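This report refers to the structure that appears directly beneath it.
The values are calculated or read from the model by the stated rules, or taken from the named source; none is laboratory data. Here the structure is a predicted model, which means the values were calculated and not measured. Glycine also receives a Cβ, built like all others from the backbone with ideal geometry; neighbour counts cover every protein chain displayed.
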Amino acid sequence: MAKRQYNRRTDEERIAELEQKIEEQREKIRQRHLKARALSPVVQEIPKVQKRLQRFAQLAMDNDRPDIANSTSMFLAGLHRIYEEERKPTKSEQAELDAFENAMASATSDFAR
């Protein structure tokens, strides 16, 4: 019976594998934070309303009503601003994510030493 061949991984291969696992865990935590902060149903409907209002503004322009089209466009700009603000993480959430990133960076730098 022949002896079994073993392929030992080098230290670099082990480190690369561990760094990949760390990055996967970071991404899981980021996704968990994003899921925990689900958008309200009102905010989820904004993109649908925006599409419909854009069609309405174009209809107004096509029928020589630039006043209505302009008002609708200004309302759309406000909706867009609200939607973007709701999607951004709050200051406390961003601080928590930054703290996690810093902790992971220092842990990996300590490991590399």
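Just checking, which of Leu59, Leu39 is in a loop (DSSP other than H, G, I, E, B) and either among the aliphatic types (A, V, I, L, M) or within 26 Å of the chain's Cα centre (by Cα) (or both)?
On the way: Leu59 fails: in a loop (DSSP other than H, G, I, E, B).
Unique residue meeting the criteria: Leu39.
Quick one: which residue in Ala95, Ala99, Ala38, Ala103 is of a type outside the set (Val, Ile, Thr) and more than 30 Å from Glu19 (Cβ to Cβ)?
Ala38 is the lone residue from the list that is of a type outside the set (Val, Ile, Thr) and more than 30 Å from Glu19 (Cβ to Cβ).
Yes or no: segment 54-61 includes at least one residue that is closer than 30 Å to Ala105 by Cα and not aliphatic (A, V, I, L, M).
no
Within the set of pairs 6+ apart or on separate chains, which have a first residue in segment 12-40 that is farther than 19 Å from Leu97 by Cα, a second that is at pLDDT below 80, and C-beta atoms under 9 Å apart?
Ile15/Phe111; Ile15/Ala112; Leu18/Thr108; Leu18/Phe111
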